[in-house]
1. Convert each backbone phi in the range 67-81 into a coupling constant with the Karplus relation 6.51 cos²θ - 1.76 cosθ + 1.60 (shift: θ = phi - 60°), then list the ³J(HN,Hα) values in order as whole Hz, x for Gly and Pro.
2. Between THR214 and LYS66, 0.36 nm times their residue separation minus their Cα-Cα distance comes to what?
3. List the residues, sorted by chain then number, that are 5 or more residues from MET54 or on another chain and whose placed amide H is less than 5 Å from its amide H.
4. Which of GLU150, GLU180, GLU158 moves most in a GNM of the chain, Cα contacts under 10 Å?
5. Could you tell me how many degrees, from 0 to 90 and to the nearest 10, lie between the Cα long axis of helix 11-23 and the main elongation axis, the longest principal axis, of the Cα atoms of the chain?
6. Taking 7 Å along the Cα-to-C-beta vector as the label spot, tell me the GLU11-GLU27 distance in nanometres, rounded to one decimal.
7. Any idea which of LEU179, LEU61, PHE222 is furthest toward the positive side of the dipole for the chain, if Lys and Arg beta-carbons carry +1 and Asp and Glu beta-carbons -1?
8. Comparing TYR159, TYR133, TYR101, which has the greatest mean-square fluctuation in the GNM of the chain with Cα pairs linked when under 10 Å apart?
Amino acid sequence: MRKIYIVEDDEDIRQIVEYALTTAGFEVMGFENGESFFAAIKSTIPGLVLLDIMLPGDDGLSILKKLRSSASTKKTPIILLTAKSSELDKVKGLDFGADDYITKPFGIMELISRINAVLRRSGADDKDVNLDYGGISIDNTRRTVTVNGELITVTFKEYELLYYLMLNKGLALDRNKILEMVWGYDFEGESRTLDMHIRSLRQKLGMAAFNIKTIRNVGYKFGE
């Protein structure tokens with residue numbers, strides 16, 4: 001049974017979600033703030049975290065950064081719960097390392113579907129493979145990217161995008177497939193988000209950017 005932790009200060013929402021997920025077969029623990037949540041993960045790392053952005057004390061984005069900077073939780077699946085709905089807020093949260101994003105008010109069936117999708121993706125990917133091609137090297141244990149031996153700084157989602165492209169080297173990848181596997185969410189402007197991340201990656205890769213090729217009317221491909 002997969003354990004899910006929900007960090008949500010609204011008691012009504014927290015209890016509804018706890019009940020629904022328990023009924024769906026998950027083991028669930030709820031927390032009203034980051035302090036109690038971090039106390040709990042010292043003993044047990046959950047299989048997934050539902051994290052509200054607007055929290056007392058440390059907000060959700062601050063908690064997200066701490067989780068992604070810790071060796072024990074850097075790969076733990078995280079879904080953001082928030083009343084914010086702008087594209088910028090979504091991109092910011094996902095770049096900080098969230099695996100998905102759901103806006104309040106949300107349906108319980110949608111939430112369960114999102115949770116199952118994130119759990120499938122996190123379990124299906126081979127997260128232990130290191131990749132090296134065209135002067136670009138990914139150390140997936142340290143989650144670092146180097147270009148011709150020089151370490152470059154990438155965001156969480158830029159890393160996930162580059163890893164997915166390199167893992168499928170030589171394949172023309174459909175835009176929707178990339179979005180599903182790397183972001184796993186839907187919102188207006190999602191294609192612009194992908195293009196924005198590709199553009200940023202190319203800038204950071206410098207001379208090695210030629211490895212990422214645009215396939216007209218399809219999507220992108222890494223390598224030959």
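Read the figures in this text as sums done on the coordinates, not as results from a lab. These numbers come from a predicted model, not from an experiment. As a convention, Cβ positions derive from the backbone with ideal geometry for all residues, glycine included, and neighbour counts pool all protein chains shown.
1. These are the phi-based 3J(HN,Hα) values: 5, 6, 8, 9, 4, 7, 10, 5, 10, 5, x, 9, 10, 7, 10 Hz.
2. Details: separation 148, 0.36 × 148 = 53.28 nm, distance 3.47 nm.
Fully extending the segment from THR214 to LYS66 adds 49.8 nm.
3. Excluding prolines and chain starts, which carry no amide H, the hits are GLY60, ALA83.
4. For the chain, modelled as a Gaussian network with Cα springs under 10 Å, the answer is GLU150.
5. 80 degrees
6. Going from the GLU11 label point to the GLU27 one covers 2.7 nm.
7. Of the options given, the answer is PHE222.
8. TYR133
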